[in-house]
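The values are calculated or read from the model by the stated rules, or taken from the named source; none is laboratory data. This is a predicted model, so every value here is computed, not measured. For neighbour counting, all protein chains shown are included, and Cβ atoms are generated from backbone atoms with ideal geometry for every residue, glycine included. Ligands, DNA and RNA are excluded from the accessible area calculation, which covers all protein heavy atoms including side chains. Shrake-Rupley method; radii C 1.70, N 1.55, O 1.52, S 1.80 Å.
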Amino acid sequence: MSRFNPVFAFAALILLIGAAFADDVVVLTEENFDKEIGQDRGALVEFYAPWCGHCKKLAPEFEKLGTSFKRAKSILIGKVDCDDNKGLCGKYGVSGYPTIQWFPKGSLEPKKYEGQRTAEALAEFVNKEGGTNVKLASVPSSVVVLTADTFDKVVLDETKDVLVEFYAPWCGHCKSLAPVYEKVAAAFKLDEDVVIANLDADNYKDLTEKYGVSGYPTLKFFPKKNKAGEDYDGGRDLDEFVSFINEKCGTNRDAKGRLTSKAGIVESLDPIVKEFLAASDEGKKEAVSKLEEEIEKLEGSAAKHGKIYSKVAKSFLTKGSDYATKEVARLERILEKPISEAKVDELTLKKNILSTFAA
């Protein structure tokens, strides 16, 4: 787990904008469509198919639109998967993908959108039809853009695990991958030891040739202990990327960048914690000493997490056997509030370790 970096203070501001892009476009189905559409707000709806290349290209633009209009109570930005909701798509005459339709407030009679498929053009249309004046939200990219001058410094840094996408600006598959790759980078942006990067292969052909890249996109993983690079042959959806990074880098993130329940857990300390919980008061003191001896042997993030184990054990001794349970409940209440992403990480780590003492 990475150390806190002041740069991430900015992340707290971004957090206030809203959740991740994908959460800001309402998923519509045959079950909820009439409950959401034709009610007390206008709605722009994309009818799409998951396999459609044009839909994949539109996705980041539509998600940006969803984020921008999230706070506009009179507007809904939604999407319908026509593979899963064929009846609904047939009802509204959808015969090609993507089809974008505007549903005025209180109406189930749509108007087809025929404009450009950019966030800017879509926002202008929604503002005109919905009588709003919403500006597009600006969310920074977490993908590190590499150049010939920075490649070696970033990729060959033996303190970093680096995933690199070699892409071409004209490549359709690269354009389809782009929104997924952005989400991968966003998921691991608080892990300083993990870098998600890309390189424009058209502009840096020498580097492309050096690493044997002949098709686009090509993904290569450069772990701390192998800077020759390894081909990434895994799947190209978000969950598969996240699983790969977690396995290779020892991280514990989910697709939204949240720490999982495994984060912070040091398996070598588990037997001592069990011994601590089962011991008498005097035995608990001995177990704490044993715990601290084992923590001294740890390195890297495990050493950092070990310090939390030590603090929790000592607090358990002074505050009583229900300390861990009460503290877990308190942290869960805090985590439900709008706090910075860095703070969420900090409290989640502590909660996970506390939970081992509350068993």
Note to self: Would you confirm, using the coordinates I've provided, whether E299 is acidic (D, E) and over 23 Å from F188 (Cα atoms)?
What the structure shows: no
Notebook entry, point to check: If you check T356 against the conditions, is it under 20 Å from I265 (Cβ atoms), open to solvent by less than 50 Å² (accessible area, probe 1.4 Å) and either in contact (Cβ under 8 Å) with a residue 24 or more places away in the chain or not in a helix (DSSP H, G or I) (or both)?
Noted result: yes
Margin query: Restricting to the stretch 305-324, and then to whatever is open to solvent by 80 Å² or more (accessible area, probe 1.4 Å) and out of contact with any Asp or Glu (no Cβ under 9 Å at 6 or more places or on another chain), can you tell me which residue is farthest from I272 (Cα to Cα)?
Written below: T318
Checklist line | Selection count where residues are open to solvent by less than 40 Å² (accessible area, probe 1.4 Å) and either in contact (Cβ under 8 Å) with a residue 12 or more places away in the chain or of a type in the set (D, E, K, R) (or both), scope the stretch 193-216 | finding: 12
Next item on the list: Go through (1) assigned to a helix (DSSP H, G or I); (2) touching a residue at least 60 places away in the same chain (Cβ under 8 Å); (3) open to solvent by 20 Å² or more (accessible area, probe 1.4 Å) and name the single condition V126 misses.
Entry: (3)
Check: Out of all the residues in the stretch 254-269, is one or more part of a helix (DSSP H, G or I) and more than 28 Å from the chain's Cα centre (by Cα)?
Finding: yes
Next item on the list: Determine whether E182 is of a type outside the set (A, V, I, L, M, F, W, C), surrounded by 17 or more Cβ atoms within 10 Å (Cβ to Cβ) and either closer than 30 Å to V94 by Cα or modelled with pLDDT of 95 or more (or both).
Entry: yes
Note to self: within 23 Å of K224 (Cβ to Cβ), within 24 Å of the chain's Cα centre (by Cα) and open to solvent by less than 20 Å² (accessible area, probe 1.4 Å): is that true of G300 in this structure?
What the structure shows: no
Item checked: helices (runs of 4 or more DSSP H) contained in the stretch 146-232 and holding at least 2 residues in contact with a helix residue (DSSP H, G or I) (Cβ under 8 Å, 6 or more places away or on another chain) -> 172-187
Checklist line | Residues satisfying the stated conditions in the stretch 280-296, i.e. under 30 Å from L190 (Cα atoms) and either open to solvent by 100 Å² or more (accessible area, probe 1.4 Å) or in contact with a Pro (Cβ under 9 Å, 6 or more places away or on another chain) (or both) | finding: E293, E296
Check: For the stretch 318-351, which residues satisfy the criterion of being under 20 Å from the mean Cα position of the chain (by Cα) and of a type in the set (S, T, Y)?
Finding: S340, T348
Margin query: Consider the stretch 242-282. How many of its residues are of a type in the set (D, E, K, R), farther than 20 Å from F357 by Cα and without any contact (Cβ under 8 Å) to a residue 24 or more places away in the chain?
Written below: 1
Next item on the list: With respect to T132, determine if the residue is among the β-branched types (V, I, T), in contact with a Leu (Cβ under 8 Å, 6 or more places away or on another chain) and either more than 30 Å from G300 (Cα to Cα) or open to solvent by less than 20 Å² (accessible area, probe 1.4 Å) (or both).
Entry: no
